[in-house]
Each structure stands twice: as C-alpha cells, then as structure tokens.
Amino acid sequence: MASSSSSSPALSLILIACIFSLTLSPPQALAQSPSAPAPSPSGPANLTGILDKNGQYTSFIRLLTTTQVAKQIENQLNTSTEGLTVFAPTDNAFNNLKAGTINDLSNEQQVQLVLNHVAPKYYSLLSFQSVSNPVRTQGNFAGLNFSSQGNQVNVSTGMVQTPINNALYQQSPLAVYQVDKVLLPPELFEAPAPASSTPAAPNSSSSSNSTTSAKAPSAENSNSGASGKSNMWLGFVVGVGMMCMGFLS
C-alpha cells in the first residue's frame, strides 16, 4: 500500500507536466496559418499589349487603336464563346506596301481592312491544316483561304499569299499569329474589269441589203444622166431645123 501511495503523486506530476508542455508548445500542424487562397484568374488577354511585347507591330497597333477595333476585340473577348484569331502584319509588311495604300482609304475602309485580319473563332495553328475554306473574317469580304505543306501553313486573300510564321499568343479564347504581308482583300484594292467595248459583228443579210440599197441610187442616177443628155441633143437638132425652115421661107 505504501508503494502505491508514493507512486501516485509522481504520476500526477508527470501528467501535469505533459499538459503544461502541450499548452505552451502546440503541435506544428495547429500552429501553421491557413494556406493562401489561389490567385484569381487574370482578365482577358490584351491584344495591343501582346503585340507591343513582341515588338515590330507598331503600324498594326496604330491601326487597331485609331479604328477602335482594339476596343471592339477587347469587348468580344469578354463575351464571345467562340474566341478570336488575329493575324498581325509586321511593320515590314506595311513598309512594303505601295505609298498611300492605307492613307488613301476612308475611315470605314480602314476599319474593314483591319477586320479582315480577325476571324471570329479561336483557331490553333494545327487546325488550319484541316480547316474548311474560305474562313470567314469580321470584314465584309469573301474570307481567307488556308493551305499547308508539311508543317508550313499559308494564308491567302486571293490577292496576296503569305506564310504564318509565328504564334505570338495561343491561349483560348485568343490566338495571335504573325504574317509578313498585309492581308489586302481584292474587293477593296483590285479595280473592276472594264466592260467590253468590241462592237457587235454586223448581220450579213442586213449588210448585203445595205450594199444593194447603196448601189441602186447609183444606177438610177446614171440612167437619168443619160436621158438628160439625149433630150438636150434632141432639142438642139429641133432648134436648128426650125431655123433652117425660117431661112427657106
């Protein structure tokens, strides 16, 4: 009994020490602060920011801004379920244009030209190898045609053709691809074919009739001339005869 009573205070002291230790030093798992929340998803892709970051797209950025197409694309990226694909001509592409090609266009024509570089759907670079032509753009034109040879994809307006050399941005809902030529639509830049000015071939029967009609007056004039000469000689002879008869009488 003595042994049991002497060990009891010792056990109590050990339990108290353990409890005290736990209150002063909580487990590491409990001491950790809750994990930080995941960052909220970023806003829609900024087209002009993407172009500016990649350089050599100053002319296209200026057109996007002055025509307000950049703002239109931003709004569409917030609402579109199909996404957008933009073909971005380099500064060299604009520099290679004939002088006045862009500046001679009206404001509305410049808007349509820029929209001809925007497809109202997200296309990966690989999808152009099997896409159905023509691919509609947001411009009021016939659309773009795509062809491929191996891994090389070419885009054509029917007036110009150029390879797609680089994917500047390719994350749905926006894809941006570099092109080395401005995608000029023929409806805007090619002059309509002049109307044919070749006269119709004359009808053979009417030609024959005209020839006959033209010849008929000539024969009539010839007959009337001969008749006039005969009458003149007859009058002369009669006159001479009457003079002779006068002298005789």
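The values are calculated or read from the model by the stated rules, or taken from the named source; none is laboratory data. Just so it is clear, the structure is predicted and the values come from calculations on it, not from any experiment. Positions of Cβ are generated from backbone atoms using ideal geometry, with glycine treated the same way; all protein chains shown enter the neighbour counts. Accessible surface areas use protein heavy atoms only, side chains included; no ligands, DNA or RNA. Shrake-Rupley method; radii C 1.70, N 1.55, O 1.52, S 1.80 Å.
A few notes on this one:
- Considering residues of the range 126-184 that are among the hydroxyl-bearing types (Ser, Thr, Tyr) and touching a helix residue (DSSP H, G or I) at 6+ places or on another chain (Cβ under 6 Å) only, the residue surrounded by the fewest Cβ atoms within 10 Å (Cβ to Cβ): SER148
- Taking the criterion of being in contact (Cβ under 8 Å) with a residue 40 or more places away in the chain and polar (S, T, N, Q), the residues of the range 82-119 that qualify are THR85, THR90, ASN92, ASN96, THR101, ASN107, GLN109, GLN110, GLN112, ASN116.
- Residue match in the range 117-134 (condition: part of a strand (DSSP E or B), in contact with a Leu (Cβ under 9 Å, 6 or more places away or on another chain) and of a type outside the set (Phe, Trp, Tyr)): yes
- Residues in the range 21-66 that are part of a loop (DSSP other than H, G, I, E, B), of a type in the set (Ser, Thr, Tyr) and at pLDDT 55 or above: SER42, TYR57.
- Top-ranked residue in the range 55-69 [being under 16 Å from the mean Cα position of the chain (by Cα) and aliphatic (A, V, I, L, M); ranked as most open to solvent (accessible area, probe 1.4 Å)]: LEU63
- Residue count for the range 95-123, restricted to those that are loosely packed, with under 14 Cβ neighbours inside 10 Å and either hydroxyl-bearing (Ser, Thr, Tyr) or farther than 16 Å from PHE141 by Cβ (or both): 9
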